[in-house]
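The values are calculated or read from the model by the stated rules, or taken from the named source; none is laboratory data. Please read all numbers here as calculations on a predicted model, not as lab measurements. Backbone-built Cβ (ideal geometry, glycine too); neighbour counts: all protein chains shown. Keep in mind that these areas ignore ligands, DNA and RNA; they rest on the heavy atoms of the full protein, side chains included. Shrake-Rupley method; radii C 1.70, N 1.55, O 1.52, S 1.80 Å.
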Amino acid sequence: MKKSILLLAFLIVNIAYAQLDKNTKAKLYSTEAERHFNNNNFYEAIKYVEKVEKTLGKENPKTLNLKIKSHYNIGNYILAQTLINRFIDEHQKNATEKIKNETLSYFARIEDAYEKRISSITFIDGLASVKENGKYGYINKTGTVVIPFQFDKVWPFSEGLALVKLNKKYGYIDKTGKVVIPIKYDDARSFREGLAWVKSNKKYGFIDKTGKVTAPIKYDKVWPFIEGLAAVEKNDKWGYINKKGIVVIPIQFGFAWSFSEGLAMVEKNDKYGYINKKGTLVIPFQFDNAWSFSEGLARVKKNDKWFYINKKGEYVKDR
C-alpha cells in the first residue's frame with residue numbers, strides 16, 4: 001500500500017510538471033538547483049541546472065554561474081575554468097554585476113586550489129596523474145593538462161610509458177598521451193627493467209615496450225623482473241625465467257619470490273630457504289617463514305622465533 005501511494009504521488013508530480021509552462025518549470029528546477037548547492041549536494045545541483053537548460057533550450061549567466069561553482073566545489077577545476085571562459089565569451093555582457101563579479105572571482109580560487117593540489121602531488125618524469133570529473137589524465141608542474149582526462153585509472157610513468165585502464169582493459173601510453181600498446185589486456189603492471197607483465201584469458205606473460213610478447217602468456221602467476229629474472233608459476237609450482245622468456249631455474253618450488261641482492265626466497269614442503277641466480281640452494285630449507293634480503297640481512301622465523309640471518313645463513317641478531 002505504501003509503495004502504491006508513493007508511486008501515485010510520483011505520477012501526480014510528474015503530470016503536474018508536464019502541465020507547467022517551460023518558464024515556470026525552469027524556475028522550479030532552478031530553485032531545486034540552488035537548494036542542492038546550498039546543501040553541498042553539488043552533483044544534484046548540476047543535474048538540476050542541466051534540467052533548467054534543457055527546459056529553456058539554452059544556458060544563461062545564472063545557470064552557468066551555478067555550474068561553475070558546483071564543479072569548483074567538486075574539484076573539477078579544469079572544467080570549471082573552461083566554463084568561466086565560455087561565460088566571458090558568451091554571457092558576461094548579459095550578466096548582472098553580482099553574477100559577473102562572483103563568476104570571475106573563481107579564476108583566482110581555481111588558481112589557488114590548483115597550486116595546493118600540485119604541491120601535494122608526486123611528479124614522476126615531470127608528469128603527475130590527476131582525477132577530474134571521474135576520469136584521469138596528467139598534468140605538468142605548471143598545472144597544465146598535457147594528457148586529457150579520459151581514462152578510468154592511470155599509473156605513474158615508468159621507463160617512459162604509463163599503464164592506463166579504460167573500459168576494464170589495460171594498455172600503455174607515452175608522454176604525449178598516444179596509446180603505444182593497445183588497451184586490450186585483462187590486467188597489467190608498469191614497466192620494470194624494460195618489461196611488463198600482462199594478463200589475458202586468465203594467463204600471464206611479459207611484453208616489451210613495443211608491445212612484443214617476450215615471455216608467452218601462459219603462466220598462472222608471475223612477479224615482475226628484478227635483477228634480470230622473474231618468478232613464474234605454472235600448475236602450482238614456481239621457477240624463474242630470463243628476459244627472453246627461457247626457464248633458467250626449473251619450475252619446482254611451492255612458492256618463490258623475486259631476487260634481492262643476488263638471492264631469492266623459495267619454499268618447499270612448507271620450509272623456506274634461499275637460492276642464487278644459478279638456482280643453487282645456498283641457505284637450506286629450514287625456516288617456517290622468511291623475507292627477502294635487504295642490506296645484507298634477511299628476517300626469518302624458526303621454532304616460533306623471528307631473527308635475522310646473513311647471506312651465509314648465519315644468525316646475526318634477534319628481531
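You will find that of 110, 78, 88, the residue that is assigned to a helix (DSSP H, G or I), at pLDDT 85 or above, β-branched (Val, Ile, Thr) and under 21 Å from residue 144 (Cβ atoms) is 88 and no other.
Apart from one condition, residue 164 fits all of (1) under 21 Å from residue 69 (Cα atoms); (2) under 16 Å from the mean Cα position of the chain (by Cα); (3) open to solvent by less than 30 Å² (accessible area, probe 1.4 Å); the exception is (1). Within the stretch 287-308, the only residue that satisfies the criterion of being open to solvent by 50 Å² or more (accessible area, probe 1.4 Å), in contact with an Asp or Glu (Cβ under 9 Å, 6 or more places away or on another chain), under 16 Å from residue 260 (Cβ atoms) and assigned to a loop (DSSP other than H, G, I, E, B) is 295.
To keep it simple, each residue is scored yes or no on (1) open to solvent by 50 Å² or more (accessible area, probe 1.4 Å); (2) assigned to a loop (DSSP other than H, G, I, E, B); (3) of a type in the set (Ser, Thr, Tyr); (4) closer than 20 Å to residue 184 by Cβ.
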| position | (1), (2), (3), (4) |
| --- | --- |
| 198 | no, no, no, yes |
| 204 | no, no, yes, yes |
| 207 | no, no, no, yes |
| 211 | no, yes, no, yes |
| 214 | no, no, yes, yes |
| 230 | no, no, no, no |
| 233 | no, no, no, no |
| 239 | no, no, no, no |
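Identify all residues within the stretch 241-260 that are in a loop (DSSP other than H, G, I, E, B) and either buried (at least 18 other Cβ atoms within 10 Å of the Cβ) or hydroxyl-bearing (Ser, Thr, Tyr) (or both); write none if there are none. The answer is 257, 258, 259. Taking each residue of the stretch 130-156 that is polar (S, T, N, Q) and open to solvent by 50 Å² or more (accessible area, probe 1.4 Å) and looking for partners that are outside any loop (DSSP other than H, G, I, E, B) and at pLDDT 90 or above with beta-carbon atoms closer than 7 Å, six or more apart or interchain, yields 133/149; 150/135; 150/137. Contact map, the stretch 30-58: residues that are modelled with pLDDT of 90 or more paired with residues that are surrounded by 17 or more Cβ atoms within 10 Å (Cβ to Cβ) and not in a helix (DSSP H, G or I), Cβ distance under 7 Å, separation 6+ or inter-chain. No pairs are found.
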